[in-house]
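The values are calculated or read from the model by the stated rules, or taken from the named source; none is laboratory data. Worth saying up front: this structure is predicted, and the values here are computed from it rather than measured. Glycine gets a Cβ as well: all are built from the backbone with ideal geometry, and neighbour counts include every protein chain shown.
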Amino acid sequence: MPARYRVRIARTAERDIEEIWGFIAADNFGAADKFIQRLESHIETLERFPERCPPIAENELLGTHYRHLLLGNYRLIYRIAGKTVFVMRVIHGARLLDARMFEE
């Protein structure tokens, strides 16, 4: 059985999730709630299998070691430190990343 990891969600990721909900809810509250439930389920999978997701292509440019989990049009960007997974951002896949996006 795979080891368990602790998952922590950064404040920036929490704000991202709130903004995503608001964007979707502007058209459909039910769809917004459903998307957030799916997102939470995907985040929970990181407790067991965080290394299954690929490193992000921007790592070399940014000098980071992030991975991403894709959900529809969104990228859940995270890093692993020991037995802890830090969810850093949840962003639309069309957005370009830069180092400032990961500052608290």
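Tabulated values for the structure
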read-out	value
Filter result (over 26 Å from Trp21 (Cα atoms) and surrounded by fewer than 16 Cβ atoms within 10 Å (Cβ to Cβ)) within the range 60-83	Glu60, Leu61, Leu62, Gly63, His65, Ala81, Gly82, Lys83
Verdict on Glu58 being among the acidic types (Asp, Glu) and touching a Lys or Arg at 6+ places or on another chain (Cβ under 7 Å)	no
In the range 67-104, residue farthest from Arg15 (Cα to Cα) [restricted to those that are aromatic (Phe, Trp, Tyr) and at pLDDT below 95]	Tyr74
